[in-house]
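Working notes for the structure below.
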Amino acid sequence: LAFPEIERLHWASLHAADRLSYTIPMAPLSGPLAKARRLLDPRYLYLRSLLGLERVRIRRGLERLRAFHRGAPVDFRVEREARLAALLRYAHRHSAYYRDAFRAAGMDTPSARSLERLPLLDKTIIRRESGRLASDWLASVPHFVMNTGGSTGEPLEFPAVGGIDPLHQDFFHGLLGLVPGELLLACDGTKVPDELRARDVYWVAKPNPSYGHLALSSLYLTDQTAPHYLRGLSLLKPALIRGYPSVIFDLARRVLQGGVPLGFAPRAIVLTSESALPHQVEAIERAFASHVHLQYGHSEACVFAYTTDATREYSCSPFYGHVEVVDGAGRQVAPTRINSASGCAARKAWHAGSVTARPWSPPMQSTARHTRTDGEER
């Protein structure tokens, strides 16, 4: 990364390291030996460098996206098409499933427009073809496995790399007014040690501040513990609260029933991970005297969607996924709703229609066309 030329490196240049890596014979290993082996794997070293560079580029891109939300005339279309084309070329090179899909569609050289000719994925295909969908570089990339919630049956698993989602969380929280030094409180399912709960403390520090400096756990909220939860909120006075709509609504309901104000008003409330119903949003805004915003993502790591005003229209980061609104046949609809900067701003699109995420992913993942229709992932 010391040379200026690194700025011109692109995912498409990975084939150089790919060829070099095959000159070093390596047997499958696990544990500490596997970590040691990675230090000899040119693909691992090269990808680590490129992922670091990608995070720098995304930080810069998110600054431009912040300027767009403030009214600056910023257009990401050219960059978005280039990133999509690079991903498709990578999928063609490293995913057995997509090599066959491109061949079946009569495409030898993928481009950004190639995506329209690829088939949509459904859960059956993902389960049946999981090995062939994944990149053949997967073993050389540091990654972890994300699981879907399994609301429609058996959960799915997807590999993902870290670093990109926290950057977007920080961007979104800053967009809502959070500044360094202010407290971000998460309402989630974090476990609290017994010794803290014995003192009626139901919050604990989180390991990644992008998702909250402290977590107010949902696991122990009952009629008996609720006063301690409300006391904790008044004591902590978080500048921003994020978390499950059901939990934050439960707290809001108790505040309204008690008739005692909390004594503070956060800059914003961010609802994520679950569907938020209109009556929940209304109660939360009344109890906390603050605006509610929505943030949507999923384990497939394709979409980062967020709202910034009272219309609750979703905008999607062009640096996280390529998003289009499509019909059941995979054809793009409502093109005037496609935002030139963010990729998509479709009001209630996640519930009222089909949303396909055509992802810009790190190199261990292949591209996908993913739809979400009436709450069911396809």
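Return yes when residue 109 is hydroxyl-bearing (Ser, Thr, Tyr) and not in a helix (DSSP H, G or I) and no when it is not. Here the answer is yes, as residue 109 does meet what is asked.
Checking every residue in region 183-191 against the condition of being of a type outside the set (S, T, N, Q) and either assigned to a helix (DSSP H, G or I) or at positive phi (or both) gives zero matches.
If only residues of region 202-216 that are part of a strand (DSSP E or B) and surrounded by 20 or more Cβ atoms within 10 Å (Cβ to Cβ) are counted, the one that is nearest to the chain's Cα centre (by Cα) is 215. Of the numbered criteria (1) within 16 Å of residue 141 (Cβ to Cβ); (2) modelled with pLDDT of 85 or more; (3) not basic (Lys, Arg), the one residue 52 fails is (2).
Restricting attention to region 217-227, the residues being out of contact with any Gly (no Cβ under 9 Å at 6 or more places or on another chain) and surrounded by fewer than 17 Cβ atoms within 10 Å (Cβ to Cβ) number 5. Could you grab me the full set of residues in region 123-169 that are under 19 Å from the mean Cα position of the chain (by Cα), at pLDDT 85 or above and surrounded by fewer than 17 Cβ atoms within 10 Å (Cβ to Cβ)? Passing the criteria: only 166.
Listed by first and then second residue, the pairs with beta-carbon distance under 6 Å, at least 6 apart or on different chains, first residue in region 166-177 and in contact (Cβ under 8 Å) with a residue 60 or more places away in the chain, second of a type in the set (S, T, N, Q) and not in a helix (DSSP H, G or I), are 168/317.
The values are calculated or read from the model by the stated rules, or taken from the named source; none is laboratory data. Since we're looking at a predicted model, the values are computed, not measured. Quick reminder, even Gly has a Cβ in these numbers, built from the backbone with ideal geometry, and neighbours come from all protein chains shown.
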